[in-house]
Amino acid sequence: MSRPRSEAERRFDVHIGRHIAAARKARGMSRVKLAGVLGIDHRRLYWMETGGRCSLYLAAHIGRALGVNLFDLARCSSLTRKTEESSTVHADSGLGSKPF
C-alpha cells in the first residue's frame, strides 16, 4: 500500500496537470487525440490533468508529444508559443531528438 500524498505533492500534481491541459489546448489538441498519441486512455489523461499522479517518464513523453520542454511544462513559461516555434525539444530537457 502506498503512503498518502503530502499536501505539497498534491499541489504539484495539480500544477503539472493544469499545465499539461494548458499546453494541449494551446496546440488545439483534443484530449482523445493526445491520449492516442501517447498510447493511453483519454480517461487517464483527464485524471492526470485534474491532479492525478503522473510519472516523470510520462510527463516527459507528454511534453515531447506537445513540443514542450519538460522544465517549461513544470514552469508553464512557454505554453503560449506557437506550435511551430515549440515543436523542437530544447537541448536542456535531456530528451534528445529520438522518439520514445
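Only the coordinates and a few stated rules stand behind these numbers; no lab work does. As the structure is a prediction and not an experimental result, all values here were calculated from the model. Quick reminder, even Gly has a Cβ in these numbers, built from the backbone with ideal geometry, and neighbours come from all protein chains shown.
Tabulated data
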quantity	calculated
Sum of side-chain charges, Leu58 neighbourhood, beta-carbon under 13 Å (Lys, Arg +1; Asp, Glu -1)	0
Per-residue HN-Hα couplings for region 11-25 [Karplus 6.51, -1.76, 1.60; θ = phi - 60°; Hz; x = Gly/Pro]	4, 5, 4, 5, 4, 4, x, 5, 6, 4, 4, 5, 5, 4, 5
